[in-house]
Structures are given as structure tokens and as C-alpha cells.
Amino acid sequence: MIAKIKGGDLINRGNVTLPKDFVEKRMWAIRDWYVENGKYDYDLEDIRDTCRSVALKEMDGVIFENSIFAVNKYEGKSADELVHIEELKGKCVWLSIKRKDKGDNIKWSDKMSIMENLLGDEWLGIEKRRLQ
């Protein structure tokens with residue numbers, strides 16, 4: 001059974017797209033952060049390479065939306081950055097679930113409904129939380 005999701009059915013909007021200047025803007029923003037924090041031992045080419053790598057990973061994602069939520073779905077190798085058990089690499093899915101109103105209160109039941117809708121009910125959900 002597919003779970004009902006608050007905000008309506010999730011619609012596949014296709015792959016994540018980034019602006020053409022994403023890498024350059026991100027690179028300069030990171031460089032500026034280094035300078036603002038008194039760190040001058042950076043390598044601009046390393047920062048650019050990292051930004052390119054992030055951009056390529058981002059574009060592997062698929063966006064799903066309804067009136068309340070936007071979900072980026074990354075599968076297999078695209079999700080491996082968050083997988084810390086070697087045997088599970090390439091077998092996991094990462095769902096980045098956000099509220100379209102930029103709010104940060106998403107109920108666990110809503111997350112589980114989204115997961116079940118996109119992946120089926122055979123999957124286990126694990127949440128990564130930031131420590132405050």
C-alpha cells in the first residue's frame with residue numbers, strides 16, 4: 001500500500017539542474033569564507049575540483065515535489081558518501097527532504113510516508129541529525 005503524503009502526490013520533476021556558474025560561485029564563496037576566517041593556506045584549484053565533484057553528485061539526484069515538500073533522491077553510488085558500511089555501498093538511497101516554505105519541522109510520520117511512497121514499504125529509514 002502506498003502511503004498518503006501531506007501536500008498531495010509527489011511529482012517527478014527530473015534530475016537536479018544547477019546554474020552554469022554554480023562551480024565558480026561556490027568556489028569564490030568558499031574562498032571568501034577562508035579569508036573571512038583568517039585561513040590563507042587554501043588551494044583555489046583544489047576548491048574548484050571539490051566544487052565540480054559536488055556539482056556532479058548533485059546532478060545525479062532526481063527531484064520530487066508536491067505542494068509542501070521537495071525531495072532529492074540519490075541512489076546507489078550517488079548516495080555512497082553517507083554510507084559508512086562498505087558492504088552497503090551502492091545499495092542505499094539517500095532522500096533529502098525539505099519543506100518548500102523553508103521550515104524545518106518535518107514530522108517523522110511525514111518522512112516515513114515520503115519514503116514509502118518513493119521506495120515502497122520494504123525499506124528502513126535512518127535519519128542523520130545535526131548536533132546542536
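All of the numbers you see were taken from the coordinates with simple rules; none came from a lab. What you see is a predicted model, and the numbers here were worked out from it, not measured in a lab. Cβ sites come from the backbone with ideal geometry, for glycine too, and all protein chains shown count toward neighbours.
In summary, GLU75 fulfils each of the numbered conditions (1) surrounded by 13 or more Cβ atoms within 10 Å (Cβ to Cβ); (2) closer than 25 Å to LYS102 by Cβ with the single exception of condition (2). Within 28 Å of GLY120 (Cα to Cα) and hydrophobic (A, V, I, L, M, F, W, C) - does that describe any residue in the range 12-34? Taking every residue of the range 12-34 in turn, at least one turns out to be within 28 Å of GLY120 (Cα to Cα) and hydrophobic (A, V, I, L, M, F, W, C). Can you find a residue in the range 40-52 that is in contact with a strand residue (DSSP E or B) (Cβ under 8 Å, 6 or more places away or on another chain) and either free of Cβ contacts under 8 Å to residues at least 60 places away in the same chain or exposed (fewer than 11 other Cβ atoms within 10 Å of the Cβ) (or both)? Among the residues of the range 40-52, not one is in contact with a strand residue (DSSP E or B) (Cβ under 8 Å, 6 or more places away or on another chain) and either free of Cβ contacts under 8 Å to residues at least 60 places away in the same chain or exposed (fewer than 11 other Cβ atoms within 10 Å of the Cβ) (or both), which makes the answer no. The residues on offer are SER109, SER113, and the sole one that is over 17 Å from the mean Cα position of the chain (by Cα), over 21 Å from VAL16 (Cα atoms), of a type in the set (Ser, Thr, Tyr) and buried (at least 16 other Cβ atoms within 10 Å of the Cβ) is SER113.
Of VAL16, VAL23, VAL54, all but one fail to be more than 30 Å from MET115 (Cβ to Cβ), within 19 Å of the chain's Cα centre (by Cα) and of a type outside the set (Lys, Arg); the exception is VAL23.
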